[in-house]
Protein chains: 2
Amino acid sequence: MKRKLLYALLLTAGTMSSVSAQTDEQMLARIREEGMLKSQVMATALQFTDVAGPRLANSPGLKRAQDWAVNELKTWGAVNAKREPWGKFGKGWEIQKNYVAITAPYYHNIIAIPKAWTPGTNGLVKGDVVLLKVDSLPDLAKYQGKLKGKIVMMDVKGTGGQTYRADASRYTDSALTAMGNATLAPAGGGQRRGGPGARGNMAAAAALRQALPKFYLAEGVSLVLSQARGTDGTVFTSNGASYADTAKAVAPEIETSTEDYQRILRLSKAGVKVGLEADIKTEFFTNDLQGYNVVGELPGTDPKLKDQLVIIGGHLDSWHAATGATDNAAGCAVMMEAMRILKRVGFKPRRTIRIVLWSSEEQGIHGSHNYVLNHFGDAKTMVLKPEHAKVSAYYNLDNGTGKIRGIYLQGNAAAGDLFKSWFAPFKDLGATTVTISNTGGTDHLSFDAVGIPGFQFIQDGMDYNTRTHHTNQDTYDKLSEDDLKQASTIVASLVYNTSQRDEMLPRKPLPVAQPPKN
Amino acid sequence: MKRKLLYALLLTAGTMSSVSAQTDEQMLARIREEGMLKSQVMATALQFTDVAGPRLANSPGLKRAQDWAVNELKTWGAVNAKREPWGKFGKGWEIQKNYVAITAPYYHNIIAIPKAWTPGTNGLVKGDVVLLKVDSLPDLAKYQGKLKGKIVMMDVKGTGGQTYRADASRYTDSALTAMGNATLAPAGGGQRRGGPGARGNMAAAAALRQALPKFYLAEGVSLVLSQARGTDGTVFTSNGASYADTAKAVAPEIETSTEDYQRILRLSKAGVKVGLEADIKTEFFTNDLQGYNVVGELPGTDPKLKDQLVIIGGHLDSWHAATGATDNAAGCAVMMEAMRILKRVGFKPRRTIRIVLWSSEEQGIHGSHNYVLNHFGDAKTMVLKPEHAKVSAYYNLDNGTGKIRGIYLQGNAAAGDLFKSWFAPFKDLGATTVTISNTGGTDHLSFDAVGIPGFQFIQDGMDYNTRTHHTNQDTYDKLSEDDLKQASTIVASLVYNTSQRDEMLPRKPLPVAQPPKN
């Protein structure tokens, strides 16, 4: 559609009756108007971030966000809105106190985050930091019986220093062109790095890594300091223990900013005693070990197609040190907004449109994997359920706060021209690129694994990799309103087109069942 | 000197006797060898940062750094090394506990730093945050009697979002060329911004700013939250009260990261109660209100010139949230290293070389101002002391960790060709530019104010303005070793040349006395 026509339609759309039969162009113009000019995406994002708080898998924060989403979907007129259990996940966990400071040679409060699913310190602990010199398993012996109540750290390289590259960036035209021209890389394993010696060293390092938690616990260390990736106060977080209800106990462990970690390390190496105090309280939740996804629907209205599905989603769980704004409140807020837009413009879809906000993505893509297992089929055996045949497409958003620049076909070449035509009206908003390439790491993989067309969008990277992805700085202020409006509008339009098309989206050949491992 | 010759000399210098008469070229080559290949600058910087800690004016951390410097200068063989009092400064202050977290709607430890010279909370305080809507003085009335024990904040704009410019940068060749070609800007006042209305608003805002501390204290608020400049965990700090021993009391006040401040603000504006707890302990030191500079000398050996001085320095005091690595442990470590290099190469200077590490620069350039007042003259009256005539030059370093790219002549055109010739051997190290321009903000101004040639170097900016200057991230790991070696070598060489030259450096006409203010 030409741009002038689009804006002419924008101006007239509001005066038209929503019950009259409308052309695709008219509906798409209304979608664009609602998405770009009357957006609620930031209000939704605020609820998922500031109001709900950190949303680690099975945490109270995730539950708050899920409950809000269910209620909001109902308010908007979605049907079948609920938290749907997908099977056993494990324990919930949250931080209830976090205080760490060095007290000698002078006082300095440090930036540090407890690793997820680690215990607290059981009140204020104080002690000198002990620098462990451990290169391999046998080195542990020299510390046996000497670490009770101690605070320990290892000698690791810092990640600090100057940064001569901007934290944030967007795709250049040439990068997008290259993505559009890409061909599928041949399947097959990458090369191992190094020779047998390197493999031996890696095995020894892995053995040490595996032995350490048990050793720390057995020796009764009071706190383990680890160094976090990140600079300038930004701390990337991870987990320090299993979420399984049967998980073995570990010692308390914190991820420390590189600046603070290296300061303690330099002092220790210079022979200056570093005193440290910490008061960390974490809480485990075991009353409900089930994992849940949020679902809701706009029911289909075409008697022949209403049993078919267009599914959209993103993972609502986050890491624990911030409020997971770009990972992935952004994606969830956009998908919620797409639902709101479609409902608000009075769209009566031919196929049923379903939103699913996944959980436990960060812990292994569990929410979507189990949802697909429960509803559509088992990627291991390729034993499929009847509904498998009824899903036209799954669209996922989980690449931060940047606007949509295109879509990954995930090898589904036959869908390429469709997406090109659906993206055509959004050239002015920067979304043009259809790449045959695969992208990984998130929930569309669960659909792709059983042969249902599953897509993830290309988004401008912004400062996802430098500042927000899994960090203590993934907060609401890192969200870009204009980008999220654009993404909501484009997703709503693609969903509209997918719902209204006479045929379902083309599929790739079904994957083969994976032989059971011995 | 040609580069080939220089390295040839480098190779032979070590074998020559230090007591034999050496040519300038030979001595400069030995200086370069010592500075670039046998540097101790990082070891010195480590003592000033990690080991001494924050070095706020008159704090215990500054005292530790000063004592270490005096002792080290003595160890190196400098004479007259001591802490020299310069007059009354005021109270010392340091942080002894710093814990702040929100506790509702969920727990989250926040990045916040007490403002310098503010009191602590006298134990753990807890309460809901009260968002004050105060645009002008009369608005305060509505809160009278309602803030006892409350934690308060104002509605201010955030500083977050994406950054599309690199944090760190170096001077480009074209920027240096432009500096070299600059002419002196005519003296005279800049234009006021805005009309009478704008001035009225500014006056009202200033009146409110002035009234607030008294109001907070009178109302008995338990904690004031302010927003810090900075992003991603970086917090720029400042002071929140006077250091004077007669200063009026204020309420406890913390500078909060923009991400945390804006989160609390958004929640408050959305009607969500934010609970906060804080435990801040700060200590004032009043046992010695004097300010001190560190001094030390390499005595002159030429009977006619040894009473004349070449002075080098930088300020050793810092802000309190980190260890002032780039501001200005870097400059002090370089100046110490220049002294070490000159002593180590067996240099017997004609003029006396004096190092002075200033204090209270961050609080108003007090250390150097009072030193000049005590030794050389009064800029207000232009009543000068005899020693005023004996200072050839003062060299200052206080622009972070970047290498030296040249020097600011501070309008002293007659010194331009000298510096060009003295920089010539360092073209390969990137130091070439002699600019007629002034630069301000640090201790060379105290000398310039009484007509003694005072110079500050041009240094690559690195991430000084984005990440380190007055922030909680100004730590040792932000120091660039190669840059500091280069700076030490160049300073030592310039000091060598200034000491050996038959004449003192040319001076500008004496400034006129400043008429007393009514």
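Here are a few things to note about the model shown:
- Among residues of segment B:213-226, those that are within 29 Å of the chain's Cα centre (by Cα) and surrounded by fewer than 23 Cβ atoms within 10 Å (Cβ to Cβ), counted: 2
- Selection from segment A:338-372 of residues that are of a type in the set (Phe, Trp, Tyr) and either open to solvent by 10 Å² or more (accessible area, probe 1.4 Å) or part of a helix (DSSP H, G or I) (or both): A:Phe347, A:Tyr371
- Some residue of segment B:266-289 being of a type in the set (Asp, Glu), surrounded by fewer than 16 Cβ atoms within 10 Å (Cβ to Cβ) and closer than 30 Å to B:Phe347 by Cβ: no
- Scope segment A:290-337; condition among the β-branched types (Val, Ile, Thr), open to solvent by less than 10 Å² (accessible area, probe 1.4 Å) and part of a loop (DSSP other than H, G, I, E, B); matching residues: A:Thr323
- Filter result (under 26 Å from A:Gly346 (Cα atoms) and either under 26 Å from the mean Cα position of the chain (by Cα) or crowded, with 18+ Cβ neighbours inside 10 Å (or both)) within segment A:76-110: A:Trp76, A:Ala78, A:Val79, A:Asn80, A:Ala81, A:Lys82, A:Arg83
- Scanning segment A:69-88 for residues that are within 14 Å of chain B (Cβ to nearest Cβ) and either of a type in the set (Phe, Trp, Tyr) or more than 21 Å from B:Arg263 (Cβ to Cβ) (or both) turns up nothing.
- Residues that are under 29 Å from the mean Cα position of the chain (by Cα), within 18 Å of A:Gly53 (Cβ to Cβ) and either within 11 Å of chain A (Cβ to nearest Cβ) or assigned to a helix (DSSP H, G or I) (or both) within segment B:251-276 comprise B:Ser257, B:Glu259, B:Asp260, B:Tyr261, listed in sequence order.
- Here is the figure for segment B:135-159: residues that are crowded, with 19+ Cβ neighbours inside 10 Å and either assigned to a loop (DSSP other than H, G, I, E, B) or outside the structural domain of B:Ile254 (by TED's automatic domain parsing) (or both) total 2.
- Residues in segment A:91-132 that are of a type in the set (Phe, Trp, Tyr) and assigned to a loop (DSSP other than H, G, I, E, B): A:Tyr106, A:Tyr107, A:Trp117.
- Test: residue in segment A:52-64 that is of a type in the set (Gly, Ala, Ser), within 14 Å of chain B (Cβ to nearest Cβ), surrounded by fewer than 20 Cβ atoms within 10 Å (Cβ to Cβ) and touching a Lys or Arg at 6+ places or on another chain (Cβ under 9 Å): no
- Screening A:Leu124 on (1) touching a residue at least 60 places away in the same chain (Cβ under 8 Å); (2) out of contact with any Gly (no Cβ under 9 Å at 6 or more places or on another chain); (3) within 14 Å of another protein chain (Cβ to nearest Cβ); (4) within 27 Å of A:Thr326 (Cβ to Cβ) shows it passes everything except condition (4).
- Every residue from segment A:277-318 that is closer than 15 Å to A:Trp117 by Cβ and of a type in the set (Ser, Thr, Tyr): A:Thr282, A:Thr286, A:Ser318
- Here A:Lys97 qualifies as of a type outside the set (Gly, Ala, Ser) and touching a strand residue (DSSP E or B) at 6+ places or on another chain (Cβ under 6 Å).
- Among the residues making up segment B:435-456, a single one is among the acidic types (Asp, Glu) and open to solvent by less than 10 Å² (accessible area, probe 1.4 Å): B:Asp443.
- Hits in segment B:459-518 - residues which are open to solvent by 10 Å² or more (accessible area, probe 1.4 Å) and part of a helix (DSSP H, G or I): B:Tyr464, B:Asn465, B:Thr466, B:Tyr476, B:Asp477, B:Glu481, B:Asp482, B:Lys485, B:Asn497, B:Gln500
- Scanning segment B:373-428 for residues that are open to solvent by less than 20 Å² (accessible area, probe 1.4 Å), in contact with a His (Cβ under 9 Å, 6 or more places away or on another chain) and outside any helix (DSSP H, G or I) yields B:Phe376, B:Gly377, B:Ala379, B:Val391, B:Tyr394, B:Tyr395, B:Asn396, B:Asp398, B:Gly400, B:Gln410.
- Residue list for segment B:111-123, restricted to those being out of contact with any His (no Cβ under 7 Å at 6 or more places or on another chain) and buried (at least 18 other Cβ atoms within 10 Å of the Cβ): B:Ile111, B:Ala112, B:Ile113, B:Pro114, B:Lys115, B:Trp117, B:Thr118, B:Pro119, B:Gly120, B:Thr121
- Test: residue in segment B:187-209 that is modelled with pLDDT of 95 or more, open to solvent by 30 Å² or more (accessible area, probe 1.4 Å) and of a type in the set (A, V, I, L, M, F, W, C): no
- Output for segment A:462-518, where each listed residue is without any contact (Cβ under 8 Å) to a residue 60 or more places away in the chain and over 18 Å from the mean Cα position of the chain (by Cα): A:Asp502, A:Glu503, A:Pro509, A:Pro515, A:Lys517, A:Asn518
The values are calculated or read from the model by the stated rules, or taken from the named source; none is laboratory data. On a predicted model such as this, the values are computed, not experimentally measured, just so you know. Every residue, glycine among them, receives a Cβ derived from its backbone with ideal geometry; neighbour counts consider all protein chains shown. Just the protein is used for accessible areas: all its heavy atoms, side chains included, with ligands, DNA and RNA removed. Shrake-Rupley method; radii C 1.70, N 1.55, O 1.52, S 1.80 Å.
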